[in-house]
1. Is there a residue being assigned to a helix (DSSP H, G or I), at pLDDT 95 or above and touching a strand residue (DSSP E or B) at 6+ places or on another chain (Cβ under 9 Å) anywhere in segment 133-148?
2. Please go through segment 56-74 and give me each residue that is touching a strand residue (DSSP E or B) at 6+ places or on another chain (Cβ under 8 Å) and in a loop (DSSP other than H, G, I, E, B), ordered by number.
3. If we scan segment 72-85, do we find a residue that is at pLDDT below 95, out of contact with any helix residue (DSSP H, G or I) (no Cβ under 7 Å at 6 or more places or on another chain) and over 19 Å from residue 47 (Cβ atoms)?
4. Cβ contacts < 6 Å: first residue without any contact (Cβ under 8 Å) to a residue 40 or more places away in the chain, restricted to segment 12-30; second residue crowded, with 22+ Cβ neighbours inside 10 Å and outside any loop (DSSP other than H, G, I, E, B), any location; separation 6+ or different chain. Result?
5. Out of (1) surrounded by 13 or more Cβ atoms within 10 Å (Cβ to Cβ); (2) under 17 Å from residue 125 (Cα atoms), the odd one out for residue 43 is which?
6. Can you find even one residue in segment 124-133 that is within 16 Å of residue 36 (Cα to Cα) and either exposed (fewer than 15 other Cβ atoms within 10 Å of the Cβ) or within 17 Å of the chain's Cα centre (by Cα) (or both)?
7. Filter segment 13-37 for residues that are part of a loop (DSSP other than H, G, I, E, B), over 15 Å from the mean Cα position of the chain (by Cα) and surrounded by fewer than 17 Cβ atoms within 10 Å (Cβ to Cβ) and give the result.
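The values are calculated or read from the model by the stated rules, or taken from the named source; none is laboratory data. In this text, all values refer to a predicted model and were calculated from it rather than measured experimentally. Please note: Cβ atoms are built from the backbone with ideal geometry, for glycine as well, and neighbour counts cover all protein chains shown.
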C-alpha cells in the first residue's frame, strides 16, 4: 500500500452535489482510461486491476478529522479521485466505515468502465448517489475520446450500466 497523502479535500462547491467533501482514494493518474480531455493529463498507469491503494481505516480517520473541524453544512461526501475510484478494491469497506461515522450522503463520480464487474456493482449499491459517466456510445468515438485499457469493451460497460440501473435505487 502507498503512503497516505492528503486524501480529503474541500469542501468544494458542486453544481450537482452542493457542498461536497472530496475523497481521493486512488493515486494520481491511475485509471482505466486516458481521456483526451483529462485535466490531469495522460494517465500514468492504465489499469483495470482492482487493488488496495491505501488503508481504509486511515482514509476514514482523515475524513473524521475533517468533519470534526469543519463547521459548515455538507451535502455529500464524494469519492472523486485523480483516477478511477472503482479501481480501489477497498471501496465497499470504506463506504461501510464512513457510514459508521456520519449520516452525510455518500456519492461517487466514476467513468463506469468497471461497472460490469459484480464486485464493483456490489460496492456501488451502498452509496447514496452514483454518477456514471459515458462519453460515447459509438466504439470508434469511445476509443478516440477515452483511450481505454485494451481489455475493456464498450458493449460490456453499457450492459453493466443497464444491469446496475435496474438494481440501484
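1. No.
2. Across segment 56-74, the qualifying residues are 70, 72, 73, 74.
3. yes
4. 12/20
5. Just one mismatch for residue 43, condition (2).
6. Within segment 124-133, the first condition is being within 16 Å of residue 36 (Cα to Cα), and the residues that meet it are 133.
Those still in the list that are either exposed (fewer than 15 other Cβ atoms within 10 Å of the Cβ) or within 17 Å of the chain's Cα centre (by Cα) (or both) too: 133.
Checked segment 124-133: at least one residue is within 16 Å of residue 36 (Cα to Cα) and either exposed (fewer than 15 other Cβ atoms within 10 Å of the Cβ) or within 17 Å of the chain's Cα centre (by Cα) (or both).
7. Taking segment 13-37 first, the residues part of a loop (DSSP other than H, G, I, E, B) are 15-17, 24-29, 32-37.
Still in the running and over 15 Å from the mean Cα position of the chain (by Cα): 15-16, 34-37.
Within segment 13-37, 15, 16, 36, 37 qualify.
Rundown of residues vs (1) over 17 Å from residue 21 (Cβ atoms); (2) in contact (Cβ under 8 Å) with a residue 24 or more places away in the chain, yes/no style:
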{"site": "52", "(1), (2)": "yes, yes"}
{"site": "68", "(1), (2)": "no, no"}
{"site": "72", "(1), (2)": "no, yes"}
{"site": "94", "(1), (2)": "no, yes"}
{"site": "99", "(1), (2)": "no, yes"}
{"site": "148", "(1), (2)": "yes, yes"}
{"site": "167", "(1), (2)": "yes, yes"}
